[in-house]
C-alpha cells in the first residue's frame, strides 16, 4: 500500500487538517521515562515500585489522607491499593491512625522512615525539574504549570489544582 493510502487510514490525519503533535507526545513519553527512572532505582532498593511511590508521595504531602481520598486521587481499585498499602505499613513507612472525630476512619500518615524516603524521591525528581527549568529560561515555570494543568481532564482539573494547593500549604518538605 502506498504512503498516501496508509496516511488516509490514519485516524488522526483523517479527522483533522492539523498534524498530530507527535514531537510533543514523544517528548512527554521520554520525559516521563526519565522523570520516574531515577526514582525507580531508589524504590527498587526497597523492593518497591511506582505504585508504592505514588501512595507514599500523596500520604506524605497530604497527612491525614483517608483511604477513600487516596483511591480518588490515584484512581485505582481498593484491591490494588490494599496490596501496596500493606507493603508500606508492614515496612514501617506509613501508619494508619484512627480519626479524631470518627474513630472508624483510617487516616494515613508517613512514619519518619516514610517521610525520609518520600523526601529522597522528591529530591531526585526536584533536581531533574530544576535543571529542566533552568535550561528552559526565566518565567518558564508559569508556562509549564499552565501546560500541565491543561493536560489534566477538564472535569478533574479544579480538584487536582486544589490538591496541589493543599500540598503547597503543607510545605515544600525539602
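In table form, for the structure just shown:
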quantity: Residue selected from the stretch 60-71 under the condition touching a helix residue (DSSP H, G or I) at 6+ places or on another chain (Cβ under 8 Å) and assigned to a helix (DSSP H, G or I), by the criterion surrounded by the most Cβ atoms within 10 Å (Cβ to Cβ); calculated: 60
quantity: Residue in the stretch 2-17 that is surrounded by fewer than 11 Cβ atoms within 10 Å (Cβ to Cβ), modelled with pLDDT of 65 or more and touching a helix residue (DSSP H, G or I) at 6+ places or on another chain (Cβ under 9 Å) present; calculated: no
quantity: So residue 104, is it surrounded by fewer than 10 Cβ atoms within 10 Å (Cβ to Cβ) and more than 18 Å from the chain's Cα centre (by Cα); calculated: yes
quantity: Restricting the stretch 156-171 to residues that are modelled with pLDDT under 80 and at negative phi, the residue that is surrounded by the fewest Cβ atoms within 10 Å (Cβ to Cβ); calculated: 169
quantity: Any chance residue 138 is part of a helix (DSSP H, G or I) and either in contact (Cβ under 8 Å) with a residue 60 or more places away in the chain or over 18 Å from the mean Cα position of the chain (by Cα) (or both); calculated: no
quantity: Filter result (within 15 Å of residue 120 (Cα to Cα), assigned to a helix (DSSP H, G or I) and without any contact (Cβ under 8 Å) to a residue 60 or more places away in the chain) within the stretch 48-57; calculated: 50, 52, 54, 55
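For (1) outside any helix (DSSP H, G or I); (2) more than 18 Å from the chain's Cα centre (by Cα); (3) loosely packed, with under 14 Cβ neighbours inside 10 Å; (4) free of Cβ contacts under 8 Å to residues at least 12 places away in the same chain, each residue gets a yes or a no:
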| site | (1), (2), (3), (4) |
| --- | --- |
| 82 | no, yes, yes, yes |
| 95 | yes, yes, no, no |
| 114 | no, no, no, no |
| 122 | no, no, no, no |
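The values are calculated or read from the model by the stated rules, or taken from the named source; none is laboratory data. Everything quoted here is computed from the prediction, not taken from an experiment. Note: ideal-geometry Cβ built from the backbone for every residue, glycine included; neighbour counts use all protein chains shown.
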